[in-house]
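Inspection log for the structure reproduced underneath, given as structure tokens.
The values are calculated or read from the model by the stated rules, or taken from the named source; none is laboratory data. If you're wondering where the values come from, they're calculated on a predicted model, not measured in any experiment. Cβ sites come from the backbone with ideal geometry, for glycine too, and all protein chains shown count toward neighbours.
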Amino acid sequence: MSMVVVSTVSNMSEYDRSVDGIRYPWATTDEILEAMKTFEVREDDVWLISYRKSGTTWATEIITVLSCGCDFTKRDETNPLEHTCFLDLLKPNMTEFAHVTATKKPSPRIIMGTHFQSRHMPRELITKKPKIVYVARNPKDVAVSLYYFHKSNKLLKTFKTWNECFQAFYDGDLVGGSWFDMNLYWWNRRNDDNVLFVKYEDMKEDLPSAIVKISEFLGWPVPEGKLEEVVKHCSFGSMKNNKKQHWYTESGLFDSSMSPFMRKGLVGDWKNYFTVSQNEAFDKLYEEKMKGSGLKFRYKL
Ligand code: A3P
């Protein structure tokens, strides 16, 4: 397909719309949602899937470094945007849809950063068996991270107050849909041979083990003696300061003066935002929605 132009904020009367009960930004066009029904998944693909603000960029960096054999020079020459397909977004200045580009890529493809709810993800993600890394983060920190993300992301509506953000997240009435639905779906698939369910809090607590786990799952081993360097490279401070890794700023979607993309990277920042009653209501909702699932998160380390 030839030139495609995504709507810009200035010509959008609304920032998002509801499709089958799930909110999507206009950049997740109807064409993209339609294409996912027949998008060809390859058995040797590597997919990184997550609910927004759960550590996608962090896991992207880890997977990118591993895919380069932990060779940092090679990593610096790799722009994750080139293999990070963001299948769910038509970004400004894109000349073709990411799913069209993806079909032309040689195998093995690395397809990162997709945030579709199960009903809109590529249907072949159920029938084919690519390697899927799913990153999950405790919902309270996700909610706070989203609050700031909506301030800086030009495609998203800024929440006027934290309370407004909390309510939208509580109701699942925000872009990307319900945190509960998406995490429950992938948690229920955690024992599939081709799925690795990784928690942000575990990465935070013990990054070396998380990196080794991901590398073993993908079959991309960390060379002898290199683990410490990979851990350092993927630490929050290093990722925040290493401009070569800031591929997301190149996307033109963010105004970092509103909030930096690499904001705090903590477990437990939610305590600075949730009121006592919000916390109680949220815990109750979590119990209702996740009852019997066995999925638990840590809210502080
Ligand atoms: P905060 O807003 O809480 O700081 P995503 O990439 O899915 O959009 O998630 C972004 C969140 O992951 C942000 O959280 C960001 O700071 C955090 N993050 C990114 N890289 C990280 C790292 N190396 N260590 C810890 N947190 C990281």
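Scanning region 134-153 for residues that are modelled with pLDDT of 95 or more, farther than 30 Å from SER215 by Cβ and in a strand (DSSP E or B) yields a count of 0. When the criteria are applied in full, LYS213 fails the requirement of being under 16 Å from the mean Cα position of the chain (by Cα), basic (Lys, Arg) and closer than 24 Å to LEU66 by Cα.
Within the span defined as region 206-225, every residue fails to be within 11 Å of the ligand (Cβ to nearest atom), in a loop (DSSP other than H, G, I, E, B) and surrounded by fewer than 17 Cβ atoms within 10 Å (Cβ to Cβ). Of all residues in region 41-55, those that are within 7 Å of the ligand (Cβ to nearest atom) and either under 11 Å from SER145 (Cβ atoms) or in contact with an Asp or Glu (Cβ under 9 Å, 6 or more places away or on another chain) (or both) total 4.
Six or more apart or on different chains, Cβ under 6 Å: which pairs go from a residue in region 256-277 that's at pLDDT below 95 to one that's of a type in the set (D, E, K, R) and within 12 Å of the ligand (Cβ to nearest atom)? Could you list them? Between residues of region 256-277 that are at pLDDT below 95 and residues that are of a type in the set (D, E, K, R) and within 12 Å of the ligand (Cβ to nearest atom), the close pairs are MET258/LYS151; SER259/LYS151; MET262/LYS240. When PHE169, PHE180, PHE116 are checked against the criterion of being of a type in the set (Phe, Trp, Tyr), in a loop (DSSP other than H, G, I, E, B) and either surrounded by fewer than 21 Cβ atoms within 10 Å (Cβ to Cβ) or modelled with pLDDT of 95 or more (or both), PHE116 stands alone in meeting it. Look at region 197-219: where a residue is free of Cβ contacts under 8 Å to residues at least 12 places away in the same chain and a partner is assigned to a helix (DSSP H, G or I), sitting 6+ places away or on another chain with Cβ atoms under 7 Å, you get ASP202/ALA210. Checking each residue in region 154-166 for being assigned to a helix (DSSP H, G or I) and surrounded by fewer than 21 Cβ atoms within 10 Å (Cβ to Cβ) picks out TRP162, ASN163, GLU164.
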